[in-house]
Amino acid sequence: MTKKQYAFYPGCSSQKGASAANYITSFGVICDKLDIQLNEIPDWNCCAASIGYAEGGELPRIVMGARNLALSEQHLPGQDIVSGCPACWLANREATERLQHSSSLMAEANEALKEVSLNLRSDFNTKSRHFTEVLIEDIGYAAMKEAVIKPLAGVKIAGYVGCQANRPYGIAGESFENPQYLDKMIETCGAEAVPYDQKVTCCGGALAFSEPEKAQALIQDIVGSAYDHGADMIVTPCPLCQANVEIYQSEINKKKGTKFNMPVVYYTQLMNVAYGGSIKEAGLDGQLIRAEKLEKIAGK
Amino acid sequence: MTTANENAVAKYKNNFLKEVEATVEEGHWVKMCMQCGVCAGSCPFGPHWEHSPQKIFMMIRAGKREEVLKSDSMWMCTSCYNCMVRCPRELPITHIMHGLANYAYRLGLSPKGQPNQAIAKLFWDSALKYGRVNELKFSLAMYFRDGFVQGVKNALAMQSVGLGLVKAGRLNPMEIISGHTCKDTSGIHKMIAKAREIEDRRRGLA
């Protein structure tokens, strides 16, 4: 079977030794099983992220995205650009739409791109997508389910979608207030998606760093609700959500006297284990709070 | 020599709405706000905003230039996009808030030492320097932004988390000397300098 080809934009947090390194590790088994080939865009740069606005302004921020789009077009023509990080996906997709929408912005961006000997055609039309879109739209839930060899029976999971995997673009056909796709993906792995009222609550994003008290109040709600609904772990499609919701539990315990110890894993780690991946292949050795129930299944 | 702020005051006189429309990202949408307040009620940091987006839109129309640009409100945006998807008029509120914050910052009016402004600047500087964000240097710069003593305190407070990440392979101490980088960083620097030059000319900030 020929593999489906995509231009891959990893993003800064997914590099080796970075905060979401284990996320990308967990893609391996899934891509093998589902015949997906991710071709890294050569010399990609930071997407500028939402938080880049203060110093970056509008055009420099969009030009950061435009360079990635132009590199992808040059080296991997005709392939959709795929990212695992919702913030990267948002930035690349926003750059695409803004440039398509305004010929004057496109002209300005191309003037800046001349400095790196790149150019975007006026009819540039490459799609920027999140990895969940590839799985849902190009593979489909049924095929995702067929590849399962170790159903995650008895594992109760709170599907935490967060913000940028859901807004402003989200997954086609899903609602902003109560998206279903993550729960469906959990169920294709044979696990149970528990009802979860903090599904689309903000974790504080980049401000978890600069406004720890305010962000940790949100994270406390996110983790607390997972406990209230009997979840064994939280699952997310976002590296920043994963990091914030996992890392700050010990801080919240110190300040608020809670006893949080809730694993926070990626949907790809669930799939990886369900597809027969080992603890290492699923990147479960990258958790600060170990997901013991998953490790037990992966170790069998 | 006059400052960019003085130039803007002279150019737009008391018409702050016109100024916002001409200089702020997506600013031309501001007049479309119908004051329903859904944005104000949808913000995860809502209680921490001195003025909600709804109020800021009205203040712009009322010409409250100083109050808006000196406010720390826009800096409270977590970029969750909740206000934006719920707005019945479909205003790109998140982008307008970012645009206002950026404009205030570039005019030198934004509150000094505002922590979210600090992190936003450090993030951009890190991304630009190497073409990719160096998470270790970025984190340390954030901890040490208020001087060495406070920095050591901050770093010690988060020590166990940091060591946990190192152990889990998600933070590489070697990044302090040799981190991930783009090959064409000098090209990226030139490209961004050019983009800034073009944008500053268009916004009257040059």
| said: Spelling out what I want: for every residue of segment B:61-78, take phi, set θ = phi - 60°, compute 6.51 cos²θ - 1.76 cosθ + 1.60 (Karplus), and round to whole Hz; glycine and proline get x. | reply: 5, 7, x, 7, 4, 4, 4, 6, 6, 8, 6, 8, 4, 4, 6, 8, 6, 8
| request: Work out the P(r) tail for chain A: percent of alpha carbon pairs separated by more than 28 Å, whole number. | output: 37 percent
| said: Suppose only helical runs count, i.e. DSSP H with n ≥ 4. What mean residue ellipticity at 222 nm does that imply for the protein assembly as shown under -39500 (n - 2.57) per run, divided by all residues and rounded to the nearest 500 deg cm²/dmol? | reply: -14000 deg cm²/dmol
| message | Can you give me the Kirkwood hydrodynamic radius for segment A:4-131, using every pair of distinct Cα atoms, in Å to one decimal? | response | 14.9 Å
| Once Rh is set to the Kirkwood radius over Cα pairs, what Stokes-Einstein translational diffusion coefficient, in µm²/s, holds for segment B:66-206 at a temperature of 10 °C and a viscosity of 1.306 mPa s? | 90 µm²/s
| request: Please label the shape of segment A:142-299 as rounded, prolate or oblate, based on the square roots a ≥ b ≥ c of the eigenvalues of the alpha-carbon gyration tensor (a/c under 1.5 means rounded; beyond that, a/b larger than b/c means prolate, else oblate). | output: oblate
| task | Enumerate the amide H contacts of A:V264 below 5 Å, restricted to partners 5 or more residues apart or on another chain; note that Pro and chain-start residues carry no placed amide H. | result | A:I234, A:I289
| Neighbourhood net charge (13 Å Cβ-Cβ; Lys/Arg +1, Asp/Glu -1) for B:N154 | 0
| note | According to the Cβ-distance criterion of 4.7 Å, cysteines of chain B with no possible disulfide partner are B:C33, B:C36, B:C43, B:C77, B:C87, B:C182
| said: Treating only the Cβ of Lys, Arg, Asp and Glu as charged (+1, +1, -1, -1), what charge dipole size does segment A:164-300 show about its Cα centre? Round to the nearest 20 debye. | reply: 300 debye
| Taking N as the number of residues in the protein assembly as shown, what value does Rg over Cα atoms divided by 2.2 N^0.38 Å take? | 0.95
| field | Summed residue charge, Cβ within 10 Å of B:S110's Cβ, Lys/Arg positive, Asp/Glu negative | value | +2
| query | For segment A:34-42, what does the Karplus curve 6.51 cos²θ - 1.76 cosθ + 1.60, with θ = phi - 60°, yield as ³J(HN,Hα) per residue in whole Hz, taken in order and with x for Gly and Pro? | reply | 9, 6, 10, 10, 9, 9, 4, 5, x
| task | Please grab the % of Cα pairs in segment B:129-197 that end up more than 21 Å from each other. | result | 40 percent
| task | Order by neighbour count: A:E146, B:E26, A:E192, fewest other Cβ atoms within 10 Å first, most last. | result | A:E146, A:E192, B:E26
| task | Would you please put A:30-39, A:56-65, A:205-214 in order of how densely packed they are, using the mean number of other Cβ atoms within 10 angstrom per residue and starting with the highest? | result | A:56-65, A:205-214, A:30-39
| task | Would you tell me the mean number of C-beta atoms belonging to other protein chains that fall within 10 Å of each C-beta in B:168-177, as a whole number? | result | 5
| note | The summed charge of the B:P44 Cβ neighbourhood (under 13 Å; Lys/Arg +1, Asp/Glu -1) stands at +1
| query | Using the Karplus equation 6.51 cos²θ - 1.76 cosθ + 1.60 (θ = phi - 60°), what ³J(HN,Hα) coupling, rounded to whole Hz, does each residue of segment B:121-126 give in order, writing x for Gly and Pro? | reply | 5, 4, 5, 4, 4, 5
| field | Helix axis angle, A:59-75 relative to chain A longest principal axis, alpha carbon, degrees | value | 90 degrees
| field | Contact order relative to length of chain A, as percent, for alpha carbon pairs under 8 angstrom and 6 or more apart | value | 19 percent
| Helix A:212-228 versus the longest principal axis of chain A: what is the Cα-based angle in degrees, 0 to 90, to the nearest 10? | 50 degrees
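Read-outs throughout are calculated quantities, based only on the coordinates presented, and are distinct from any laboratory measurement. Keep in mind that what you see is a predicted model, and the values were worked out from it rather than measured. No Cβ is skipped: glycine too gets one built from the backbone with ideal geometry, and neighbour counts run over all protein chains shown.
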